[in-house]
Structures are given as C-alpha cells and as structure tokens.
Amino acid sequence: MTHDHDLVLRPTAAQTEAALDPPPGRNGGDLVVETLAGLGATTVFGLPGQHALGMFDALRRSALRYIGLRVENNAGFAADAYGRITGEAAPLLLSTGPGALTSLAALQEAAAASAPVLAISSQVPTAGLGGGRHGYLHELPDQSASFRGIVKSVHTVRTQSQIPSAITEAWKSALTAPHGPVWVEIPQDVLLAETPIPVVTVGDAFPEELPPRPELTAVAAHLLSTAERPAIIAGGGVVRADASGKLRQLAELIDAPVVTTFGGKGAFPWNHPLSLRSWLEDRHTTDFLEDADVLLVVGSGLGELSSNYHTFKPRGRVVQIEADLGKLESNHPALGIHADARLALQALLETVTERHDDSAPGRVREVLARVSERIAAQELTLEQDLLASVRAALPADSPSFWDMTILSYWAWSAFDPKSSNTMHSAQGAGGLGYGFPAALGAAAADPTRPVLAVSGDGGALYSIAELATARQYDLPVTWLIVDDGGYGILREYMTDAFGQATATELTRPDYVALAESFGVPGVRTSPETLEADLAKAFAAPGPSVVVLPALLRMFAPTHLG
C-alpha cells in the first residue's frame, strides 16, 4: 500500500547525470542564486561588499536581473516596493556589518507594512560565529540580534548544504500571511568556497494558508446580517490579500459604509456610494464609526493613524479580521478572527444574509459634506489644488510612492488612488527617504507604466544618490520634490508646540541642476504649471525630476480636543 507521503519526485536520467557532474567553478554564492531562481525570483536588489562577493560573483552566472542601489537602506526600500507591487518575495543582497545594519530602517518599514522582503546577508567567516572576538572586518558579536526584533524569521547558515533549505524556509516565511521581511545570513567562507553540491533546479515553498475559524465567521455573519448601522474599516491587509473585490461585494450585500485606512488606500472604490474614503484624521468620520452598532475591521490593527490617534472609542460590537496575531484585539475588545483577509471575506460572503439600508448612501454623503466644510473653512486651497493636479496628471493605473512630507499627509486622507495596490507610503514605520527608492523598485517590477515618487526636500536628501540608479537602469520614475527649505511638518509641529522651530531649516542644493548632473531631466515648476509639467514627465521615457518650491500647511487636527 502506498501513502501520499511516501511519494517522492524521482530524478530523470538527465537530472541524475547533471547532479553527478555539476559544472566547475561554482561556489556557495551559486547555491544562493540558484535557489532564488528555483523559487521563482527574477530580480534581486542590493549592494556588494567584501564578505558578500561570492553571491555577487554568482549573479553573472545566473539569469537573475540585478538592480544595484547606492545605499543599502534605499535598496531595502526598493525591494519593499517590488514586494508590495508583485506580491512576490523580493531578494535583497547585503554585506556584513555596516552594510547589513544600514538596511534596518527599510526592513522596519517592510515589517510595519507587511512587505515580503527576503534579505540575504553575508557574515564573518564561520569561525567568528557565536560571539568569539576574532577581529574580523565588520565583526559583530551577534549580527542577527540586530534584526530579530524586526523581521519575521532569522536563518543562520553554517554549511553549504544548508543554503537551499534555509532560503526556501525564509521565502515561505516571507510570503505566509502576514507577509513581511525575513533575514538569512551566510558566512563569507561558505559563500566563497567551491561547492561539489549539484545545481539547485527546483524550489517548492508554498506559503501556509491562514483560513478563519468557521464558528467565528458564523457569529460575525450573524452580527453583520442583523446590524442596524454596520460599518467597515478596510486596512492594508485587504490590499495585500488582493481582496478588494470581495470587500466591495460584502459592503454592497449588507449596505455597509466603508472607510479605508492610509495603508488600505484603494481597497474600496473612492467614488462608490458607500465610500467614506480615507478621512480618518477627522472627528466627523470618527463619530460615524463610533456610532456603528457593528464595526467590521478587516486587515488593520487600529493603530495610531487608523484610530484618529487613539481617540476612536467604538460603542458597538467590533469584529476584527487580522492576519497578524499580535494585532488582534491589541487596541479594542473584539470578536477577533485570526485569518487572511481574502479567505475571511470569502467565508463571510458565503454565510452573511443580505440586508438593505436605503439610508446608507445619504449618511455617507452627509459625513463627506461635513468633512469638506471643515477643510474648506481653513482656506487650504493650495494644498487641495496641488493634489488635484497630481491626480489629473498621473495615469490611473500608475503606482505612486509617497515620502513623509506634508503633501503626502494630505494624500493619505484626500488622494484618490483609482485602484487597489497603487498608492504606497512610509506611514508604517514613518521614516524619511522612502518615496524615490521605493518608486525605483516598483518601476523595476513593471517598467511599462510610469511611476510617481513624492518627497519633501528633507526626505529627498536621504535618497539623492539614487538618481544614479534611476539613470543607470533607465527606470521610468518621475520624482516630485516639494521644496520648502526644511523639514516642513516638524517646523509646523514645533511652532505649534513651542512658539518657534529649532533644527528644521536646511541649506539645500539646486535640485534641477543636481538632477541634470546625473543625466536626469529636471524642471522647476509652479502650482499653476504642475499638472502640465508632471504629464510631460510621465510621457517621456526614463527618469525625471520635477521641483515645486512651495510652503504647504496641514489641515487642523481633530484629536487634540
């Protein structure tokens, strides 16, 4: 009798012959790139370093496309965006010590945004593992300890035979919901040594599914079916699970208004009659959500930015669907369902009873009108006009990547992304410098459509070196730099809190001339010409820079009483 678990794939005669006579000149680095190719990777990001040269030498013997950035943190941001756009694990090749540590901020953003990044770093020679102080270049007592609190899993390789399995396990970890970054480290001597191990040809790493518990979805379906005023908060988990279609079906089935979080932009159509859009930093929206007798939260932990800075206090029953177990009921008591958003929404669609509420669209219009009146009373037409110009110029299917800058904070609430998985920002971890290198990663994923990056002048200085990357690979990224001569939002915060700002003013370069020195076309624009200048840049091949000198203001917050 043969059981399924007794079945194994038997090698063909050609595979056996190839395994017995592997090509000469291969090293441990070849095992790395062969495993990545076998798992389905086509593009890798990174920056070489002395200990990692075995991996980088192996790249020239592989079909993998390499996109090299100028700073490791920027390479991490590029891999993050590639993972968000494709849904695939994005390999990131790094070197020991300073190179590895420079990627930490990018990996924190990937962790906060659940972006699948597969970071593979070199390590000191094997003899130096375990904390012995041998004085190797780049030596740390425990390099992996710096990453363990950030990434989903850590895999330390000690022999060449461990490489394929370690990378396969890491790949699986990165793509199992919730997605996230993972860390693999391999000693320099293991990467450099010639290997007798056969060529790695196949890699199977199917991520584990995370279905909901049926008894919980039955209760949730009953609550939603019998609710008088249901509402939905859709977070980034809906986007990552490619579940926006199912979300729309459910909302229409029960006539539930939907708010999308800043990470969930595009999870629900902006102009749908049930769309409350993304005005989460607004008391009118907060009041509406608090009044719901049943609130379905899908793919969000209801953190600081998604709860109007923790002023949101739901009065009704909360049902929370979340793939990250640590976020489940972390901020509010709920019927917590630990599941992938797509699978959970499908289960609800199969069990919920249709309900009709003809008043729902009217209540949505009323809230949006109140939000609009509040913003209009602050005389912030410049900021709204700039967003409108960006939206008019940007093709509907083009992705956009927003740094931590005032125009981006406006966009979180007020920008229509047009479709799911097209608008991304660094609001997960909140670090500077994300926009431009992330846009490069997205352009590498799909060079057939233009990509927008938005930065302030402060954030732009974090990633200015990547103009060389954009030019080298001819990536179709248009970089909008809003130049206000400093850290604009910090200037505003400090002035409000202390009466004056300190350490926020910047001496900055001529960004147009600087772009042109890299061979990248640049133009200085104005609010009146922004739409035309952006449209021209999007239509042209390759990278471009558009500089907008402007002093912007934020709309007044509603969480301070």
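If a paramagnetic tag sat 7 Å from the Cα of Asp358 along the Cα-Cβ line, which residues of segment 245-277 would have the backbone N under 12 Å from that point? From segment 245-277, the list is empty. Summing charges over neighbours of Leu490, with a neighbour being any other residue whose Cβ is under 12 Å away from its Cβ, gives -3 when K and R count +1 and D and E count -1. Once both axes come from the Cα atoms, what is the angle between helix 435-445 and the longest principal axis of the chain, in degrees from 0 to 90, rounded to 10? Tilt of helix 435-445: around 60 degrees.
Pairs from the list Lys265/Lys536; Lys152/Lys327; Lys265/Lys313; Lys172/Lys418; Lys265/Lys327 with a Cα-Cα gap above 24 Å: Lys265/Lys536; Lys172/Lys418.
A 1.4 Å probe run over the chain, with the rest of the protein chains in place, finds 40 Å² accessible per residue.
Measuring only protein heavy atoms, the 1.4 Å probe finds Glu169 accessible over about 100 Å².
When Ser517, Ser463, Ser420 are compared by accessible area of protein heavy atoms, the largest-first order is Ser517, Ser420, Ser463, using a 1.4 Å probe.
Other residues whose C-beta falls under 14 angstrom from the C-beta of Gly303 contribute a net charge of -4, scoring Lys and Arg +1 and Asp and Glu -1.
For the chain, the mean residue ellipticity at 222 nm estimated from helices alone is -11000 deg cm²/dmol, where every DSSP H run of n ≥ 4 contributes -39500 (n - 2.57) and the total is divided by all residues, rounded to the nearest 500.
Taking all protein chains as shown and a probe of 1.4 angstrom, Lys327 keeps an accessible surface of around 70 Å². When the residues His356, His155 are ordered by accessible surface, computed with a 1.4 Å probe over the protein chains alone, the sequence from largest down reads His356, His155. Rounded to the nearest 5, the antiparallel percentage of DSSP beta bridges internal to the chain is 5%. On the basis of the beta-carbon distance and an R0 of 30 Å, Arg70 and Arg508 show a calculated FRET efficiency of 0.95. Remark: spin-label model distance Gln500-Gln384 equals 3.5 nm, labels positioned 7 Å along the Cα→Cβ axis. Annotation: average projected area of segment 499-553 is 5.2 square nanometres, based on the convex hull of Cα atoms across all directions. Legend: calculated FRET efficiency, Thr226 to Leu560, from the Cβ-Cβ distance at R0 = 35 Å, rounded to 0.05, equals 0.40.
Using only alpha carbons, segment 203-269 has a radius of gyration to Kirkwood radius ratio (Rg to Rh) of 1.04.
Using a 1.4 angstrom probe on the protein heavy atoms only, could you order Arg26, Arg277 from most to least accessible area?
Working: Arg26 10, Arg277 70 Å².
The ranking, largest first, comes out as Arg277, Arg26.
Once you have a ≥ b ≥ c as the square roots of the Cα gyration tensor eigenvalues for segment 228-314, tell me rounded if a/c is under 1.5, and otherwise prolate or oblate according to whether a/b is larger than b/c. Verdict is oblate for segment 228-314.
Segment Glu516..Ala218, full-extension length gain: 101.3 nm, with 0.36 nm per residue of separation and the alpha-carbon distance subtracted. A cut-off of 5 Å between modelled amide H atoms, ignoring neighbours fewer than 5 places along the same chain, links Gly486 with Asp457, Gly458, Leu506.
Mean separation of Cα pairs under 8 Å and 6 or more residues apart, divided by the residue count, gives the chain a relative contact order of 13 percent.
Per-residue extension of 0.36 nm, minus the Cα-Cα distance of Gln249 and Ala532, leaves a gain of 98.1 nm for this segment. Residue-wise HN-Hα couplings along segment 359-373, as the Karplus relation 6.51 cos²θ - 1.76 cosθ + 1.60 with θ = phi - 60° gives them from phi, are 7, 4, x, x, 5, 5, 4, 5, 5, 5, 5, 5, 4, 4, 5 Hz; Gly and Pro carry x. Summing charges over neighbours of Thr507, with a neighbour being any other residue whose Cβ is under 13 Å away from its Cβ, gives -3 when K and R count +1 and D and E count -1.
Relative to the longest principal Cα axis of the chain, at what angle does helix 28-39 sit, 0 to 90 degrees, rounded to 10? Helix 28-39 sits at roughly 50 degrees to that axis. Heavy-atom surface analysis with a 1.4 Å probe gives segment 383-526 a carbon and sulfur content of 53 percent of its accessible area. Prolate is the label for segment 321-410. Its Cα gyration tensor axes, ordered a ≥ b ≥ c, give a/c of at least 1.5 and a/b above b/c.
Taking θ as phi - 60° and the Karplus parameters 6.51, -1.76 and 1.60, the scalar couplings of segment 248-255 work out to 4, 4, 5, 4, 6, 5, 10, 6 Hz in sequence order, x denoting glycine and proline.
The Cα atoms of the chain give a gyration tensor whose axes a ≥ b ≥ c have a/c of 1.5 or more with a/b no greater than b/c, which makes the shape oblate. Residues whose amide H comes within less than 5 Å of that of Val297, counting only those at least five positions distant or on another chain, are Ile233, Val319, Gln320, Ile321 (H built at 1.01 Å from N in the peptide plane).
The values are calculated or read from the model by the stated rules, or taken from the named source; none is laboratory data. Predicted model only: the values in this text are computed from it and were never measured. Don't worry about glycine lacking a Cβ; one is built from the backbone with ideal geometry, like all the others, and counts go over all protein chains shown. With ligands, DNA and RNA removed, areas are computed over all heavy atoms of the protein, side chains included. Shrake-Rupley method; radii C 1.70, N 1.55, O 1.52, S 1.80 Å.
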